[in-house]
Amino acid sequence: MQYDGHVEAMGAYTPLPHVLMTVAAAMAIKLGEQNYLVNRQAEIGLGTYWKLGNKWLLNGIGGAGTAYGERKESGFFSSGYNRGNYQKLFGQAGLAYQKHKGAVGITYRLGRIYYRNIQHNDSRPIPLFRDTRHEYSLFYRHALGNQQKWYVQSILGLSLSSLRPSDDNYRPFASDKWFAAGGGEYLFSIGAVWRPSISARKSQ
């Protein structure tokens, strides 16, 4: 099992009613020498949001991103090393239930990842390949104080790859691609959310 930590920042802006613009950047923190993930990535998105009654909020976003990654894993069941660049296209949909001082919701993201210049183990290159990922997440957000500008938020998620490892001699890169793509991954995060315009919107 491999553990890693991430620092992530994201911004969202609505220039027009029902129009949503997002930008995000993340960096993985190296936590060891034998098992680690180093990652730098950025993405932009454009989408929409709609209120369903007084409590529910539906949103959809599509976008693109780019990243650099380096992974090393040393274990009884699997081991390896790779590094390289990749780009992604994604679409996601989310549904949130808004409470008096917070919200709870779910998000599904479908991503198409394009891996380029991947070096595996003994520096031999892996041919260009693609991966389709399915990502599911559940979040809870709670306001700090009565002004409802600062929130604490926690997220629990799961990311699944469409690739599978293989011992087939006619598919020599199948397992290498599966390792480079990360297989299945769990996610847990906790952070802070700042919503500076919420008071102004409530007064409209």
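The values are calculated or read from the model by the stated rules, or taken from the named source; none is laboratory data. All figures in this text were calculated on a predicted structure; none of them were measured in a lab. Glycine also receives a Cβ, built like all others from the backbone with ideal geometry; neighbour counts cover every protein chain displayed. Note: accessible area is taken over every heavy atom of the protein model, side chains too, but ligands, DNA and RNA are not part of it. Shrake-Rupley method; radii C 1.70, N 1.55, O 1.52, S 1.80 Å.
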Exercise for the section: With the checklist (1) loosely packed, with under 15 Cβ neighbours inside 10 Å; (2) at pLDDT 75 or above; (3) in a helix (DSSP H, G or I); (4) basic (K, R) in hand, flag the one item R164 doesn't pass. Expected result: (3)
Practice task
Could you figure out which of (1) in contact (Cβ under 8 Å) with a residue 12 or more places away in the chain; (2) open to solvent by 60 Å² or more (accessible area, probe 1.4 Å); (3) hydrophobic (A, V, I, L, M, F, W, C) isn't true of A12?
Solution key: (1)
Practice task
May I ask you to list the residues in the range 94-108 that are part of a strand (DSSP E or B) and open to solvent by 40 Å² or more (accessible area, probe 1.4 Å)?
Solution key: L95, Y97, Q98, K99, V104, I106, Y108
Practice task
Please work out if G75 is modelled with pLDDT under 95 and surrounded by fewer than 16 Cβ atoms within 10 Å (Cβ to Cβ).
Solution key: yes
Practice task
Identify all residues within the range 107-143 that are modelled with pLDDT of 85 or more, of a type in the set (G, A, S) and more than 13 Å from the chain's Cα centre (by Cα); write none if there are none.
Solution key: A143
Exercise for the section: Could you pull out the residue among Y86, Y68 that is touching a Lys or Arg at 6+ places or on another chain (Cβ under 7 Å), part of a strand (DSSP E or B), more than 22 Å from Y136 (Cβ to Cβ) and without any contact (Cβ under 8 Å) to a residue 40 or more places away in the chain? Expected result: Y68
Handout entry: Filter pass, V7 being surrounded by fewer than 13 Cβ atoms within 10 Å (Cβ to Cβ), under 13 Å from the mean Cα position of the chain (by Cα) and closer than 19 Å to V193 by Cβ
Key = yes
Practice task
Considering only the range 119-152, state which residues are touching a strand residue (DSSP E or B) at 6+ places or on another chain (Cβ under 8 Å), farther than 23 Å from G63 by Cα and assigned to a strand (DSSP E or B).
Solution key: Q119, H120, P125, I126, Y140, R141, H142, A143, L144, W150, Y151, V152
Problem - Among (1) of a type in the set (D, E, K, R); (2) under 29 Å from V193 (Cα atoms); (3) in contact (Cβ under 8 Å) with a residue 12 or more places away in the chain - the single one E73 does not satisfy - result: (2)
Practice task
Would you mind telling me which numbered condition in (1) open to solvent by 50 Å² or more (accessible area, probe 1.4 Å); (2) modelled with pLDDT under 85; (3) within 19 Å of the chain's Cα centre (by Cα); (4) not acidic (D, E) Q34 fails?
Solution key: (3)
